[in-house]
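A.B. asks: First the structure, then my questions, so here it is.
Readers should treat all values here as calculations from the given coordinates under stated rules, not as data from a laboratory. Quick caveat, the model's predicted, so the values are computed rather than measured. FYI the Cβ positions are ideal-geometry reconstructions off the backbone, even for glycines, and counts take in every protein chain you see.
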Amino acid sequence: MAIGNRVINPEDDLGFGRQAVAQRVINKDGSINVNRRGLPFFRTTDVYNHLISMSWTKFWLVILSGYLITNIAFAFIYNLTGIKNLEGADGKTMIAHFFDAFFFSAQTLSTVGYGHISPKGILTNSIAAFESMLGLLSFALATGLLYGRFSRPSAKIIYSNNMLVAPYLQNQKGLMFRLGNLRSNTLIDLSVDVIFSYNEQVDGKIVRKFFPLKLERSKASILTLSWTVVHPLDEDSPLFHVTPEELKATNANFAVLMKAYDDTFSQTVHSRTSYQYDELIWGAKFTPAFYTDEDGKVSLDLSRIGTYAKADLP
């Protein structure tokens, strides 16, 4: 695929330089498609990042697992030191003794202390005092993580599933995708960059080339409805006269980088996604995603962000 004698800006290579890749640089969900090797198994620098950025399902599984493991461990400790040192633990079997110690541990860890079971002796009281301190620290840590997850500024942007090669202006074509805000907050001062990359053989070696695409409009003052981002396929475009077969042969990819100012958090937020060559629809145009209801109020249907209809290309 001939692009011409264009100057490559090293800042546009997304950190890959000229290294050829056969995969997405950025996944559809915005995560970076790179495996990190050579890292120590225990690395405290990533613990907070993982706990803050992991999904809510995984987060609650981590919290619940830590809670259960801690209580099970202390239940075994109380049984090892002697169940007779727990006043009110009147179970008759080993399993009953374990559950008496488990629920006493849960009461101690959460500092509830119903009073049905109480420790006696220096050793058992010392263990209970240590567990109580551990519980205070653990719940404070969990509360801080919850606050961090809720207060962390982030953008919830929905992108169309496909990029379209659609009719554009008068007898022209444009490469376009559409996006919208999934939240009810207001995003202002938006900017979008689209980086086109492909593999090319140079001097007998396959290298990856990256080119920023010139957009019809790369900035928007405010995102109230949807935004259709368009790259005109004119003579200045590196994709001028490019065919679907050429994009497939060169493993073409389009990385989308968006940033905006969130007036709720009063901070800049970012969003990312990407499109592979097989996610381009040739000869189509987006159908309207918003309409005016009976009261004359404009409504945006976010489920229609990616809907399109077939269209003839010039």
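A.B. asks: Can you give the log10 of the normalised intensity I(q)/I(0) at q = 0.08, 0.09, 0.16 Å⁻¹, computed with Debye over equal Cα scatterers of the chain?
C.D. replies: Relative scattering, expressed as log10 I(q)/I(0), comes to -0.58, -0.67, -1.31.
A.B. asks: Which whole DSSP H helices in the chain pass both tests: a Cα extent of 30 Å or more along the axis and a mean Kyte-Doolittle value no lower than -1.0?
C.D. replies: Details: long enough: 56-81 (38 Å, 1.18); 122-151 (43 Å, 1.15).
Those that pass (Cα extent of 30 Å or more, hydropathy at least -1.0) are 56-81, 122-151.
A.B. asks: In addition: Please find, in a Gaussian network model of the chain (springs between Cα atoms separated by less than 10 Å), the residue of T81, T264, T250 whose mean-square fluctuation is greatest.
C.D. replies: T81
A.B. asks: Enumerate by residue number the trypsin sites (Lys or Arg not before Pro) in region 264-305 meeting two conditions: DSSP loop (anything except H, G, I, E, B), and at most 13 other Cβ atoms within 10 Å of the site's Cβ. Don't skip to the answer; put the middle values down first.
C.D. replies: On the way: sites: R272, K285, K297, R304; in loops: K297.
Answer in residue order: K297.
A.B. asks: Students often forget the sequence filter, so: which lysines lie under 22 Å Cα-Cα from K58 once same-chain residues fewer than 8 apart are removed?
C.D. replies: K28, K156
A.B. asks: How large is ³J(HN,Hα) for each residue in region 255-264, as worked out from phi by the Karplus curve 6.51 cos²θ - 1.76 cosθ + 1.60 (θ = phi - 60°), to whole Hz, x for Gly and Pro?
C.D. replies: Computed from phi, the couplings for region 255-264 are 8, 10, 10, 10, 9, 7, 9, 8, 6, 6 Hz.
A.B. asks: If you line up the Cα atoms of region 237-314 on their principal axes, what length do they span on each, largest first, in Å?
C.D. replies: In descending order, the Cα extents are 48, 36, 21 Å.
A.B. asks: Among L223, L190, L136, which one moves the most in a GNM of the chain with springs linking Cα atoms closer than 10 Å?
C.D. replies: L136
A.B. asks: Next question. So which lysines can K310 reach, going by Cα to Cα under 22 Å and dropping same-chain residues fewer than 8 places off?
C.D. replies: Candidates past the 8-residue exclusion: K173, K248, K285.
A.B. asks: On a C-alpha basis, how far is the centre of region 49-89 from the centre of region 228-278 in Å? Whole number, if you could?
C.D. replies: About 47 Å separates the Cα centre of region 49-89 from the one of region 228-278.
A.B. asks: Step through the residues of region 203-208 one at a time and calculate ³J(HN,Hα) from phi using the Karplus curve (6.51 cos²θ - 1.76 cosθ + 1.60, θ = phi - 60°), rounding each to whole Hz and writing x for Gly and Pro.
C.D. replies: 6, x, 10, 7, 10, 9
A.B. asks: With springs only between Cα atoms under 10 Å apart, run a GNM on the chain and tell me which of E131, E294, E245 wobbles the most.
C.D. replies: Residue with maximal mean-square fluctuation among E131, E294, E245: E294.
A.B. asks: Within the chain, which is the longest segment containing none of the chymotrypsin sites (Phe, Trp or Tyr not before Pro) that sit in a DSSP loop and have at most 14 other Cβ atoms within 10 Å? Can you show the working numbers first?
C.D. replies: Details: sites that count: F16, F41, F42, Y114, F240, F265.
It works out to 115-239.
A.B. asks: Moving on. For region 44-151, rounded, prolate or oblate, judged on the Cα gyration tensor with a ≥ b ≥ c (square roots of eigenvalues), a/c < 1.5 rounded, else prolate if a/b > b/c?
C.D. replies: Values: a/c = 2.77, a/b = 2.27, b/c = 1.22.
Prolate, since a/c reaches 1.5 and a/b exceeds b/c.
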